[in-house]
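For reference, the structure is listed below as structure tokens.
The values are calculated or read from the model by the stated rules, or taken from the named source; none is laboratory data. From a predicted model like this one, the values you see are computed outputs, not experimental measurements. Cβ: placed from backbone, ideal geometry, glycine included. Neighbour counts: every protein chain shown.
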């Protein structure tokens, strides 16, 4: 019996969590087959078989923690190095083991099949271009597999649980309410897999050739992909880099503790910790804070800035902070984490400094949520001398998405302009349009942002803070959700709508919404700003009643003389 062990992980990781298991007992496997995904702080690692045979025993399950050297599978077969050689030296598997050499031609080669890459690929294929897309892990990238979609699935589960706990106020009585995290995670995985299957289908139907592996740019017209089974050279007219980002790891003493997780591991936790410390009070940190608080976890947030979600206007920060504290969260702003120390009982102590004093929190898990950084590993951009941004934290591009090499483009998180999936998708379309000979650019001033806290927060255009910094003469209108009929019927009266008008033109230049369905409501204001509408035009528009969208109308009225339903 041959044992398949966890031999190595990315970077200096010594442990990880079992993600998707690709095989089951009784399956026939060959050398190079992907058996399982192991998730680490550096991202996902595909564990491949070093033997051929039949799986007889599976030692691990999805969600299990594993360390280097642990046994994952037992198979009945032969190892790679044995190759079933005869005594005369003839190697039956010699031809089988040699990688296939392949050369193909393409109009456009895209490295990375995230929301930027796959959208660009499908869009280009629909314009009649021969497209090759390269992906080292899963289509959909971070957004679909470890970000936007999985977190929103957990948000929805936590939202339902929260509503059930307060159902008595609606006249509905529910008893013995509990959370089954295995089912919560399974639902998340089913949604993720359904969407991945949809993307795979769309790529296939649009005749996009997908190659699994790591792409390396050899020169401006050549991309090379190597796996255990194949070596593929792609001769291409244009190249788009869409390799995305990875979790940022800060140099904190004890960061390698077994209790320290990133958002990747948090999305697969099948058991709830009693106490969770979140390092970072930005978008990722606060979304998880509200998710796990809703599930009954005691949540502590330690944030270096003086406010959580510090990029937002002060009134929004204050509102969401007040709500978080009312829910029972402990927020420590202007605080710096210095160390994470494991305890004898299996927990950890997070040491941090606030107001010049050392403080300590004991917990079961520590979620590291300090942001993401562009991913370049193995891409070959240094050899090609592709220029970086001034801060060296992203690939430098012009308004057409071109790098300093005119036929090589870059889109999405790898550019470090705005790390948003919808920005990556739009950049992909703009890049393709320019490759096709059109003259297209992006207006970043009308990019909406969505934050899935409880309640949601949505932002578009110029904030009050930015307007003050730039000296823009503005007028502000606000309307509280507590005065909106639909919000009251939903039992969600917290938050407000803020509309910002440029005084000289009357145009709406920004808006922030915090409240029920804020991320959906924002689309209406986005269209207003994109089309240069004035607050006066909004006041003259009829909004359906009763809807939460009426709060947009009332906020515009507030700018133009006064809201009707609020003093």
Only one of (1) in a strand (DSSP E or B); (2) over 24 Å from the mean Cα position of the chain (by Cα) fails for residue 467. Which number is that?
-> (1)
Answer yes or no as to whether residue 278 is farther than 22 Å from residue 332 by Cα, touching a residue at least 40 places away in the same chain (Cβ under 8 Å) and assigned to a strand (DSSP E or B).
-> no
If you go through region 523-546 one residue at a time, do you hit one that is surrounded by 19 or more Cβ atoms within 10 Å (Cβ to Cβ), under 32 Å from the mean Cα position of the chain (by Cα) and under 15 Å from residue 450 (Cα atoms)?
-> yes
Regarding residue 525, is this residue touching a strand residue (DSSP E or B) at 6+ places or on another chain (Cβ under 9 Å) and in a strand (DSSP E or B)?
-> no
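Check whether at least one residue in region 541-550 is assigned by TED's automatic domain parsing to the domain that holds residue 512 and under 14 Å from residue 476 (Cα atoms), and report yes or no.
no
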In region 315-345, anything exposed (fewer than 14 other Cβ atoms within 10 Å of the Cβ) and farther than 18 Å from residue 368 by Cα is listed as 318, 322, 325, 326, 328, 343, 344, 345
Scanning region 379-390 for residues that are more than 18 Å from residue 401 (Cα to Cα) and exposed (fewer than 12 other Cβ atoms within 10 Å of the Cβ), which turns out farthest from the chain's Cα centre (by Cα)?
-> 383
Quick one: which of 416, 398 is surrounded by fewer than 18 Cβ atoms within 10 Å (Cβ to Cβ) and either out of contact with any helix residue (DSSP H, G or I) (no Cβ under 8 Å at 6 or more places or on another chain) or under 23 Å from residue 236 (Cβ atoms) (or both)?
-> 398
Can we say residue 187 is touching a helix residue (DSSP H, G or I) at 6+ places or on another chain (Cβ under 8 Å) and either free of Cβ contacts under 8 Å to residues at least 24 places away in the same chain or assigned by TED's automatic domain parsing to the domain that holds residue 106 (or both)?
-> yes
Which one of 370, 353 is on the phi < 0 side of the Ramachandran plot, touching a residue at least 12 places away in the same chain (Cβ under 8 Å) and within 26 Å of the chain's Cα centre (by Cα)?
-> 370
Any residue at all in region 163-181 that is surrounded by fewer than 19 Cβ atoms within 10 Å (Cβ to Cβ), outside the structural domain of residue 40 (by TED's automatic domain parsing), free of Cβ contacts under 8 Å to residues at least 24 places away in the same chain and within 24 Å of residue 262 (Cβ to Cβ)?
-> yes
Inspect all residues belonging to region 23-44 and state whether any of them is modelled with pLDDT of 75 or more, surrounded by fewer than 19 Cβ atoms within 10 Å (Cβ to Cβ) and within 22 Å of residue 260 (Cα to Cα).
-> no
Quick one: what pairs do we get from region 476-505, first residue without any contact (Cβ under 8 Å) to a residue 40 or more places away in the chain, second surrounded by fewer than 16 Cβ atoms within 10 Å (Cβ to Cβ) and in a strand (DSSP E or B), C-beta under 7 Å, 6+ apart or different chains?
-> 503/475
Test: residue in region 130-139 that is in a loop (DSSP other than H, G, I, E, B) and modelled with pLDDT of 95 or more = yes
Of the listed residues (458, 483), the one being buried (at least 16 other Cβ atoms within 10 Å of the Cβ), in contact with a strand residue (DSSP E or B) (Cβ under 8 Å, 6 or more places away or on another chain) and on the phi < 0 side of the Ramachandran plot is 458
Among residues of region 244-259, those that are in contact with a strand residue (DSSP E or B) (Cβ under 9 Å, 6 or more places away or on another chain) and not in a strand (DSSP E or B), counted = 11
Give the residues of region 528-557 that are over 19 Å from residue 461 (Cβ atoms) and outside any helix (DSSP H, G or I), sorted by residue number.
-> 540, 542, 543, 544, 545, 546, 547, 548
Can you name every residue in region 291-346 that is part of a strand (DSSP E or B) and under 23 Å from the mean Cα position of the chain (by Cα)?
-> 299, 300, 301, 302
Residue under evaluation residue 289, criteria (1) over 25 Å from residue 187 (Cβ atoms); (2) crowded, with 21+ Cβ neighbours inside 10 Å, criterion not met | (1)
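Results for (1) more than 21 Å from residue 521 (Cα to Cα); (2) in a loop (DSSP other than H, G, I, E, B); (3) touching a residue at least 40 places away in the same chain (Cβ under 8 Å), shown as yes or no for each residue.
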| residue | (1), (2), (3) |
| --- | --- |
| 400 | yes, yes, yes |
| 406 | yes, yes, no |
| 426 | no, no, no |
| 433 | yes, no, no |
| 437 | yes, yes, no |
| 457 | no, no, yes |
Would you confirm whether any residue within region 144-151 is more than 26 Å from residue 285 (Cβ to Cβ), out of contact with any strand residue (DSSP E or B) (no Cβ under 6 Å at 6 or more places or on another chain) and in a helix (DSSP H, G or I)?
-> no
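So that you can scan it fast, the table gives a plain yes or no per residue for (1) outside the structural domain of residue 554 (by TED's automatic domain parsing); (2) under 30 Å from residue 150 (Cα atoms):
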| site | (1), (2) |
| --- | --- |
| 434 | yes, no |
| 438 | yes, no |
| 471 | no, no |
| 475 | no, no |
| 478 | no, no |
| 481 | no, yes |
| 487 | no, yes |
| 492 | no, yes |
All conditions in (1) within 31 Å of the chain's Cα centre (by Cα); (2) at pLDDT 80 or above; (3) surrounded by 15 or more Cβ atoms within 10 Å (Cβ to Cβ) are true of residue 68 except (3)
